[in-house]
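The structure under discussion is supplied below as structure tokens; questions concerning it will follow.
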Amino acid sequence: MVDGLGGNDAAYHAFLKSLSVHLRGFLRVRLARLPDDVEDLVQETLLAVHNQRHTYDPGQPLTAWIHAIARYKLVDLLRRRAGREVLNDPLDEELDVFVASENEASDARRDLAKLLEQLPDRQRLPIVHMKLEGLSVAETARVTGMSEAAVKVGVHRGLKALAELIRSTDENR
Amino acid sequence: MKTDDLISMLASDAGAVAPRVWRMRYALAIGVGLVSAALLMVLMLDGVRPDIADAARLPMFWVKLVFPATLAAIALLLAVRLSRPGMALNHLGMVLAAPVLVIWLLAGAALLGAPPQDQAMMIWGETWSACLLNVPLLSVPAFIGVFWVMKTLAPVHPARAGAAAGLLAGALSATVYALHCPELAAPFIGIWYLLAMLIPAAAGALIGSRLLRW
């Protein structure tokens, strides 16, 4: 994580990868009633960890920081669902079967790629070119006709907007 | 999008993150908040009290400054911790009670030592309503500034974080207002200054529980 914050992309990738496994276990136990939502919440938490990585203090235990974010996102999800799904209580008896099951990524119900398409161009294009197609900042700037500063801001704001979009679409679903 | 694709997306060209950026942001918000409060005081309230040089010789003048300044310092520590995930509060909430207890002890001693006919004046003073109005008013710029900083960070308890932000703004404002305010009685400070600072704190809790979600 600390290497990742220092700009080492490979270290950061490895960190996020192992974090996703950890989060899946952490959330699966706590979200036993909504097993279908686990992968969505893993993604939402990963995005939050990325968007908020400047709030991590190198002197602080990493797990405390991660778990606080995961718990916040979990409570936020349950709060959003509270109005709608409290009356449904599916599969209460057979839950253990699911809890103990596989540890690899299942499919998320919510497609982040679709949400990404809803972002305005100035945020969507930098994310698509830089983060999905792997272009550099300079190349992205050339392709989109934006300045390099605007490209960087677009990626940053776009990922934050994506997190907001997750929350608002979830509320209205 | 699969989780692995999301991870690849997030990790590509993630870039370095400056550690502890929040320090500069809080410093900026507090600096701008204090200067703005002072400007508002000059524009709306004719600045500091005219006899400030004489008043500065009285210990109670300094008590009146140090009380809100101490609360501001504790509220800042609270705000800084509450705006980042997983930071322990270390009983800071209880530490907040210490300056309040001290001022209440001073107030109690002052009331006990005063003749009965003076006690009402020590409590109500002549400007309690101005105090309740002006401290929240002067706190608005710092309130906006600190909320802006918190919005860029990640408070996991939005209402509590908002309350700390509001208390910080209110305490900064009260420290500035103390330079204008003519009152010097400890009971006045222990009641009206405290209430006046709690108004932005309560507003912060209400606004924070909505605005500071992420």
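For A:K114, A:K73, which order do you get if you count the other beta carbons within 10 Å of each Cβ and list the fewest first?
With the fewest neighbours first, A:K114, A:K73 line up as A:K114, A:K73.
Moving on. Counting partner chain Cβ atoms within 10 Å of every residue's Cβ in A:17-29, what's the average?
1
A further question follows. Tell me, in nm to one decimal, what length is gained between A:A113 and A:D57 on full extension, where the rule is 0.36 nm per residue of separation less the Cα-Cα distance?
So the chain would gain 17.1 nm between A:A113 and A:D57.
In percent, how large is the relative contact order of region A:1-71, given Cα pairs closer than 8 Å and 6 or more residues apart?
The normalised contact order for region A:1-71 reaches 25 percent.
Sorted from fewest to most neighbouring beta carbons within 10 Å, what does the list A:S168, B:S139 look like?
So the residues, fewest neighbours to most, are A:S168, B:S139.
For chain B, with equal point scatterers placed on the C-alpha atoms only and solvent neglected, what are the log10 I(q)/I(0) values from the Debye formula at q = 0.13, 0.14, 0.15 1/Å, to two decimals?
Results for chain B at q = 0.13, 0.14, 0.15 Å⁻¹ read -0.74, -0.84, -0.93.
Need the list of lysines near A:K152 for cross-linking: C-alpha distance under 22 angstrom, and skip anything on the same chain fewer than eight residues off.
Straight-line reach from A:K152, under 22 Å: A:K114, A:K131, A:K160, B:K151.
Where the Cα atoms of the protein assembly as shown are projected onto their three principal axes, how long is each span, largest first, in whole Å?
Reported extents, whole Å, longest axis first: 78, 57, 37.
Mind telling me which of B:L92, B:L58, B:L153 comes out most flexible in a GNM of chain B, alpha-carbon contacts under 10 Å?
In the Gaussian network model the winner is B:L58.
Then there's this: For region B:87-167, compute Rh as the Kirkwood radius over C-alpha pairs and then the Stokes-Einstein diffusion coefficient at 25 °C and 0.890 mPa s; write the answer in µm²/s, rounded to an integer.
155
So, one more: Restricting things to alpha carbons, tell me how big region A:110-173 is in terms of Rg and Dmax, in Å.
Here Rg and the maximum Cα pair distance are 12.1, 38 Å.
When only C-alpha pairs under 8 Å and at least 6 residues apart count, what is the relative contact order of region A:110-173, in percent?
Computed over region A:110-173, the figure is 37 percent.
Moving on. How crowded by other chains is A:51-63, given as the mean number of beta carbons from other chains within 10 Å of each beta carbon?
Partner Cβ neighbours, averaged per residue: 5.
Give me a single rounded figure for B:206-214: the average over its residues of other chain Cβ atoms within 10 Å of their Cβ.
Counting other chains' Cβ atoms within 10 Å and averaging over B:206-214 gives 2.
So for each of B:131-137, A:147-153 I average, over its residues, the number of other beta carbons within 10 Å; can you give me the resulting order with the highest mean first?
B:131-137, A:147-153
If you don't mind, there's one more thing I want to ask. From the helices alone, meaning DSSP H stretches of at least four residues, give me the mean residue ellipticity at 222 nm for chain B, per-run term -39500 (n - 2.57), in deg cm²/dmol to the nearest 500.
Rounded to the nearest 500, it is -23000 deg cm²/dmol.
First select every other residue whose beta carbon is under 12 angstrom from the beta carbon of B:R20; then total the charges, Lys and Arg +1, Asp and Glu -1.
Result for the neighbourhood of B:R20: +2.
Sorted from fewest to most neighbouring beta carbons within 10 Å, what does the list A:Y72, B:Y177 look like?
So the ranking, lowest neighbour count to highest, is A:Y72, B:Y177.
For region B:48-109, restrict the atom set to alpha-carbon positions and state the Rg and Dmax in Å.
Considering region B:48-109 through its Cα atoms, Rg and Dmax are 15.4, 48 Å.
Principal axes first, then extents: for the Cα atoms of region B:1-87, list largest minus smallest coordinate on each axis, whole Å, largest first.
70, 28, 20
In degrees from 0 to 90, rounded to the nearest 10, what is the angle of the helix B:59-82 Cα long axis to the longest principal axis of chain B?
20
Coordinate-derived values only; no laboratory data. Here the structure is a predicted model, which is why all the values come from computation and not from measurement. Neighbour counts run over all protein chains shown; Cβ positions are idealised from the backbone, glycine included.
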